[in-house]
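Remarks on the structure that follows.
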Amino acid sequence: MAVLMKRPRMLVALALAFAAGLWAGGCFDPNQPACGFSCAQAGVCPDGYTCGADKVCHKVGATGVCPLDDAGPAPFDAAAQD
């Protein structure tokens, strides 16, 4: 009889955990800038972006000018610092 009493509690706990996960996941809203990714080497941009004539990925539907200097976006350097 004790096993039968524990099972509904476990199901309720699992359902609450699942609902909390759905609620937390629904709040995710990543920052998607209008531009800011370089596509100079391969001309490839993330989904929802297109490579412009300035070799910078522009968000589809975005208007305006990218706030970059004449040198373009700063290159990413993943070299280890000693």
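The values are calculated or read from the model by the stated rules, or taken from the named source; none is laboratory data. In this text the structure is predicted, and so the values were computed from the model without any measurement. Because the Cβ atoms are built from the backbone with ideal geometry, glycine has one as well, and the counts that use them run over all protein chains shown.
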Could you list, in sequence order, all residues of region 13-61 that are touching a residue at least 12 places away in the same chain (Cβ under 8 Å) and charged (D, E, K, R)?
ASP54, LYS55, LYS59
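Tell me the strands (runs of 3 or more DSSP E) entirely within region 15-72 that contain at least 3 residues that are at pLDDT 85 or above, hydroxyl-bearing (Ser, Thr, Tyr) and at negative phi.
Values: elements: 35-38, 49-51, 56-59.
Counting at least 3 such residues, we get no strands (runs of 3 or more DSSP E) at all.
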